[in-house]
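Chemist: Attaching a single structure in structure tokens format; questions to follow.
The values are calculated or read from the model by the stated rules, or taken from the named source; none is laboratory data. What you are looking at is a predicted structure, and each value in this text was computed from that prediction instead of being measured. Cβ sites come from the backbone with ideal geometry, for glycine too, and all protein chains shown count toward neighbours. These accessible areas exclude ligands, DNA and RNA; they are computed on the full protein's heavy atoms, side chains included. Shrake-Rupley method; radii C 1.70, N 1.55, O 1.52, S 1.80 Å.
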Amino acid sequence: MPKRDVPPRWDRTMQQRLARGEAAALGELYDRFASLVHGLAHRVVGDEHTADGITRDVFAHLWEHPDSYDPRQGPLRSWLAALTSRLAVQRLRTTGTAALARGGPGTTEDLERKVRHASVAARADYIVQSMPTPLRAALELAYFERRDYRQTALDLGVTDEEARRRLRLGLQLLATAHDTGAPDAPPGIGGAA
């Protein structure tokens, strides 16, 4: 079994290639993670054009500051998701504050409520996308297709107990999206959102 403090080889290799200035590494990362980054950004800001800009900003940050990602702190995928969430919430706050300053509708409390909601939604989306396939499949059947645990078990070809276990674990993971005690960004990304 691998040691816990040893980063995944692919993540470490990609970070090293970026640090050497290999543009091909950035292309590979973009091909692999652009849809995740764009999806999370869009979930937070709710605007395609702004999500495109945030996606560019995330990959530009990674290109310009490859050492800001430390493979020992966790997977590159998680780091990119946290960076995306932080930049998207920051953009939402900036545009919302500017709208308030221009006399736009809403209050500062409305803006902060919107930011908190968007942040939780982005974390929930990332958690669902990152959870193991058996848990995600059980949740999708139960909640999107409105199957009870017995129907879920039949569809997945598992026992009723296994279906309940998968649903319970999936929901426990999803509940962590509301955890406000967790930092908004891992070390190396910058301050909290």
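Chemist: Taking only pairs six or more apart or across chains, which ones have beta-carbon atoms under 7 Å, a first residue in region 55-80 that is touching a residue at least 60 places away in the same chain (Cβ under 8 Å), and a second residue that is acidic (Asp, Glu) and surrounded by fewer than 18 Cβ atoms within 10 Å (Cβ to Cβ)?
Modeler: Listed pairs, sorted by first residue: Arg72/Asp5.
Chemist: In region 19-41, which residues are under 27 Å from Thr94 (Cβ atoms) and either open to solvent by less than 70 Å² (accessible area, probe 1.4 Å) or among the aliphatic types (A, V, I, L, M) (or both)?
Modeler: Leu26, Leu29, Phe33, Ala34, Leu36, Val37, His38, Gly39, Leu40, Ala41 - these are the residues of region 19-41 that are under 27 Å from Thr94 (Cβ atoms) and either open to solvent by less than 70 Å² (accessible area, probe 1.4 Å) or among the aliphatic types (A, V, I, L, M) (or both).
Chemist: Here's something else I'd like to know. Look at region 26-56 and say how many of its residues are within 20 Å of Ala121 (Cβ to Cβ) and either outside any helix (DSSP H, G or I) or not small (Gly, Ala, Ser) (or both).
Modeler: Number satisfying all stated conditions: 17.
Chemist: So Arg146 ticks every box in (1) at pLDDT 90 or above; (2) open to solvent by 60 Å² or more (accessible area, probe 1.4 Å); (3) not aliphatic (A, V, I, L, M) but one. Which box is left unticked?
Modeler: All conditions are met except number (1).
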